[in-house]
Amino acid sequence: MKKLVVLTGAGVSAESGIPTFRDSGGLWEGYDVMEVATPEGWAKNPTLVLEFYNQRRKKALEVQPNKGHEVLVELEKYFDVTIITQNVDNLHERAGSTHVVHLHGSLFESRSSKDDALIYPVNGWELKLGEKCELGSQLRPNIVWFGELVYKMDEAVHYAKQADIFLVVGTSLQVYPAADLIQYTRPDTQKIIVDPKKPDYRMGDIVFIEEGGGAGMEKVKKLLLS
Ligand code: APR
C-alpha cells in the first residue's frame, strides 16, 4: 500500500463550524495571541487561558466531523494513511481516522505545569483552576503554545520522509515548523494542496486544488483513485 501522509490545519474543521485562526472573523480576532497562547500569557493570567481553551473545547464537542474528515477515513481502504494535524480538536478521530499525530497538542488532554511528561485526559469541556497534577502543580491544556517546542516534530518528519503522497489540507502554512514538513518529502513524492485560498508558499511541483475541504477532498479522492 502506498503511504499517504496528510498535513491538516484549521481549514479542515471550518466546514464543521470551527473558525480558522487567520481568516476574517477568525479565532485570533478579538484575542491577543500573546495573552492566551504563550507560556508568558499562562504565567500572567491562567484563568483567562483556561477559559479560552474551555470555550474551544466546548465548541469542539458541539460540532460534527464533515465531508473532508470522512474522505480521509475512506482513503484508509486504499492507502496507508497518517494524518499529521495542527488542529487541537478531535474531529479526525471522531470521523474514524486511525492514525493521527497531534502536532500542536490536544484540547482533550491536560498536562502538568511542572513535568511535561505528565499528561492526563480531560473529560467534558472544563479544565478548572485548582485542578492539579500528582506533583501538586496546576494542570494546563496540553497545547503547544507559541515559543514552545513542537515535541512531535521528529515523529512528523519521519512520516513526511516516507510519504509516497503528501497532501496538505486547510492550512495557511504560516506557522513553523509545521509549514516546513513538505520540504522533508522525497523529490518523487506526489504533492497536493487543498485550500480555497492559495497559500503564500513556494509551489514547485505541487498540484493545487482551490476548494474547501469537503469538495476538495472529493477531487483528491478522484485524482488518487483514477
Ligand atoms: N476548507 C479548507 N480550507 C479552508 C476552508 C475550508 N472550508 N476555509 C478556510 N480554509 C483555509 C484558509 O484559506 C487558510 O489557508 O484554512 C487555512 C487556515 O489557516 P490558519 O487560520 O492560519 O490555520 P492553521 O494554518 O491551521 O494555523 C496553524 O497556527 O494559530 C496557530 O497553533 C495554531 O495550529 C494553528 C497554527
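Looking across the range 1-32 at every residue that is near the ligand (Cβ under 7 Å from one of its atoms) and among the aliphatic types (A, V, I, L, M), the one that is farthest from the chain's Cα centre (by Cα) is identified as A14. Being of a type in the set (G, A, S) and surrounded by fewer than 17 Cβ atoms within 10 Å (Cβ to Cβ) holds for only one residue in A156, A117, and it is A117.
In the range 172-181, is there at least one residue being within 13 Å of the ligand (Cβ to nearest atom) and polar (S, T, N, Q)? Let's see the steps before the verdict.
So in the range 172-181, the residues within 13 Å of the ligand (Cβ to nearest atom) come out as 172-181.
Right, trim to polar (S, T, N, Q) and you get 172, 174.
Yes, the range 172-181 has at least one match.
Output the residues belonging to the range 72-89 that are of a type in the set (V, I, T) and away from the ligand (no atom under 12 Å from the Cβ).
Of the residues in the range 72-89, the ones of a type in the set (V, I, T) are 73, 81-85, 88.
Scanning the range 72-89 gives V73, V81, T82, I83.
At least 1 residues being out of contact with any Phe, Trp or Tyr (no Cβ under 9 Å at 6 or more places or on another chain) and buried (at least 19 other Cβ atoms within 10 Å of the Cβ) is the threshold, and among the helices (runs of 4 or more DSSP H) wholly inside the range 1-91 those reaching it are 11-14, 46-62, 67-74.
Residue selection: E15 fails the criterion of being farther than 25 Å from M217 by Cβ, in contact with a helix residue (DSSP H, G or I) (Cβ under 8 Å, 6 or more places away or on another chain) and not polar (S, T, N, Q). Residues in the range 157-171 that are away from the ligand (no atom under 13 Å from the Cβ), closer than 21 Å to E76 by Cβ and either hydrophobic (A, V, I, L, M, F, W, C) or touching a helix residue (DSSP H, G or I) at 6+ places or on another chain (Cβ under 7 Å) (or both): A160, K161, A163, I165, F166.
Condition check for V175 on (1) of a type outside the set (S, T, N, Q); (2) over 30 Å from W42 (Cα atoms); (3) in contact (Cβ under 8 Å) with a residue 24 or more places away in the chain: one failure, at (2).
Bear in mind that the values in this text are calculations on the coordinates, not laboratory data. Fair warning: this is a prediction, and the values are worked out from it, not measured in the lab. Neighbour counts run over all protein chains shown; Cβ positions are idealised from the backbone, glycine included.
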